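Let me begin by presenting the structure, written as structure tokens, before commenting on it.
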Amino acid sequence: MSKNTIRSIKGTHDILPDQSWRWQQLENHVHDFMHRYGYREIRTPVFERTELFARGVGTDTDIVSKEMYTFRDMSNNSITLKPELTAPVIRSYLQHNLGRLTPLTKLYYIDHAFRQERPQAGRYRQFHQYGVEALGSPHPEIDAEIIAIAYFSLLELGLENLTIKLNSIGSRECRIAFRAALQHFLKPHLGDLSETSKSRFNTNPLRILDTKIPHEIEIVQGAPAMSDYLTAEDVQHYNQVKSHLNDLNIPFEEDNKLVRGLDYYTRTTFEIISPALGAQNSVCGGGRYDGLIETLGGKPTPGIGFAAGIERILMAAAVSQSEEPTVLVYLIVIDDDGRSTAFKLLHDLRDKGINADMDYLHRSMKSQLREANRLGAELVLIIGSEELKDGTVQFKNLKTGSQKAIPLDSVLAEISEKPD
Ligand code: ATP
Ligand code: MG
């Protein structure tokens with residue numbers, strides 16, 4: 001590559017043709033899957049007012065405090081490339097009053113997100129997620145349905161040995177008491193905590209439970225357990241979620257240190273982990289956010305959702321569910337007289353829904369045959385002036401090696417007869 005060529009921005013990736021078909025397959029699968037569960041797609045703009053994320057995600061989260069791509073537009077508005085999808089979906093839900101149409105609004109998305117993180121395997125600056133948001137029901141069945149969608153969609157996408165980590169972080173009321181107890185416990189250890197944890201001590205002490213630093217993990221081992229602070233209703237809700245999961249044979253591990261990074265989560269919180277990934281082993285995170293819609297200016301409305309990282313899913317799904325679609329028929333032109341017949345036939349084949357291609361480089365017959373093989377074509381049609389005199393073309397099956405002359409006007413019938 002010459003010094004003059006321009007490269008992509010660090011942490012962003014081109015999805016090249018040898019991979020893009022896997023993305024298409026995943027996306028098709030997600031659409032089908034979501035329709036089965038009664039969720040409808042929503043697409044929101046790539047950028048939003050910065051305030052949406054400041055309010056909807058929370059200013060002391062990692063996302064808002066250090067990961068956003070924020071800039072001023074020409075009218076001096078502060079704009080942010082969306083770092084996550086829940087806040088934009090809720091914004092749209094409120095703006096268009098979707099709750100008026102259906103008291104339980106079930107939405108899904110397949111989209112990109114932008115976060116200025118240190119790029120590494122499984123962590124990029126532009127990445128993709130699919131996810132769902134169910135808005136309007138506080139009941140445990142919907143929590144179980146959301147976890148079921150996350151889990152079964154990942155299984156159908158070819159992920160194996162997944163672990164679901166589950167916790168309830170209770171309602172906002174009991175979080176106040178827990179927060180105070182946690183601060184009381186952490187206070188004597190404050191000197192041993194990292195700068196990040198120290199700054200979280202006042203703003204978001206629950207996040208310290210989620211630490212990845214070994215000596216902090218040791219400290220928080222002895223911390224009070226959220227489960228001791230849940231209200232009776234919280235406990236009942238949590239037990240019902242677990243019972244529904246058991247009914248669906250969805251395995252889970254309870255993890256009372258699992259707190260999501262976002263401020264608006266309440267009660268159910270979960271994460272799905274794949275052993276096929278390295279350090280960034282979380283494929284999916286989600287939970288209930290009964291406080292969010294109100295935070296964004298709506299009337300109090302319960303909500304729950306998850307987001308799954310598509311790059312990580314494609315990394316973890318080592319075995320692809322099916323093969324890249326290939327060209328079925330390749331047309332080989334022997335001489336210039338055959339070219340326009342071939343060109344027209346090519347169009348007819350494609351018009352009938354058959355994957356077909358031909359050579360546009362006027363190459364030798366040998367190179368054309370090589371190209372047919374490279375493309376994985378099963379059938380070739382060899383078209384030249386000699387055969388066309390009798391109104392025929394050569395029809396060759398590259399799999400079996402059989403070859404015969406067939407009338408030009410029976411090509412379509414012959415190809416449709418070929419068993420798949
Ligand atoms: P992590 O702990 O890995 O930073 P997170 O808590 O920031 O994850 P969420 O905001 O819950 O992640 O996003 C849901 C999913 O999106 C993650 O489980 C992961 O699969 C994917 N994801 C998050 N950030 C990135 C990124 N920078 N690059 C690629 N995928 C990501
Ligand atoms: Mg993160």
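Coordinate-derived values only; no laboratory data. On a predicted model such as this, the values are computed, not experimentally measured, just so you know. Note that we place each Cβ from the backbone using ideal geometry, even for glycine, and neighbour counts take in every protein chain shown.
What longest region of the chain stays clear of GluC sites (Glu not before Pro) that DSSP places outside H, G, I, E and B and that have at most 15 other Cβ atoms within 10 Å?
Values: sites that count: E160, E323.
Here the longest segment lacking exposed loop sites spans 161-322.
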- Query: Out of residues 5 or more away from L328 or on other chains, whose amide H comes under 5 Å of its own, with H placed 1.01 Å from N in the peptide plane?
  - Reply: N355, A356
- Message: Are there any trypsin sites (Lys or Arg not before Pro) in region 273-368 that are in a DSSP loop and have at most 14 other Cβ atoms within 10 Å? List them by number.
- Response: K352, R363
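So which chymotrypsin sites (Phe, Trp or Tyr not before Pro) in region 337-420 are both in a DSSP loop and have at most 16 other Cβ atoms within 10 Å of their Cβ?
On the way: sites: F343, Y360, F395; in loops: Y360.
Answer in residue order: Y360.
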- Query: HN-Hα J couplings of region 107-112 from phi, Karplus 6.51/-1.76/1.60, θ = phi - 60°, integer Hz, Gly and Pro as x?
  - Reply: 10, 9, 9, 10, 7, 9
- Item | Loop-located trypsin sites (Lys or Arg not before Pro) in region 20-96 whose Cβ has at most 16 other Cβ within 10 Å (DSSP) | R43
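Would you calculate a helix-derived [θ] at 222 nm for the chain, using -39,500 (n - 2.57) for each DSSP H run of n ≥ 4 and dividing by the full residue count, to the nearest 500? Write out the running numbers ahead of the final one.
Working: 14 runs with 151 residues, N = 420.
Computed mean residue ellipticity for the chain: -11000 deg cm²/dmol.
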- For region 229-241, in order, what is each residue's ³J(HN,Hα) by Karplus, 6.51 cos²θ - 1.76 cosθ + 1.60 with θ = phi - 60°, in whole Hz (x at glycine and Pro)? 10, 5, 6, 4, 5, 4, 5, 4, 4, 4, 4, 5, 4
- Could you go through region 15-22 in sequence order and give the Karplus-derived ³J(HN,Hα) for each residue, using 6.51 cos²θ - 1.76 cosθ + 1.60 with θ = phi - 60°, rounded to whole Hz, and x for Gly and Pro? 9, 7, x, 6, 10, 4, 5, 5
- Message: Can you give me the C-alpha center-to-center distance between region 158-218 and region 62-86, rounded to a whole angstrom?
- Response: 26 Å
- Query: Translational D (Stokes-Einstein, µm²/s) of region 292-420 at 37 °C and 0.692 mPa s when Rh comes from the Kirkwood sum over C-alpha pairs?
  - Reply: 186 µm²/s
- With each pseudo-label sitting 7 Å past Cα toward Cβ, what's the T102-R118 distance in nm, one decimal? 4.3 nm
- Note on the structure: Taking placed amide H atoms and a strict 5 Å upper bound, the residues 5 or more places from T268 or on another chain that come that close are I169, R288
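Could you work out the relative contact order of the chain, using alpha carbon pairs under 8 angstrom and six or more residues apart, expressed as a whole percent?
Values: 679 pairs, mean separation 62.3, N = 420.
Result for the chain is 15 percent.
The chain: Rg/Rh from Cα coordinates, Kirkwood Rh?
Details: Rg = 28.0 Å, Rh = 25.1 Å.
On the Cα set of the chain, Rg over Rh gives 1.12.
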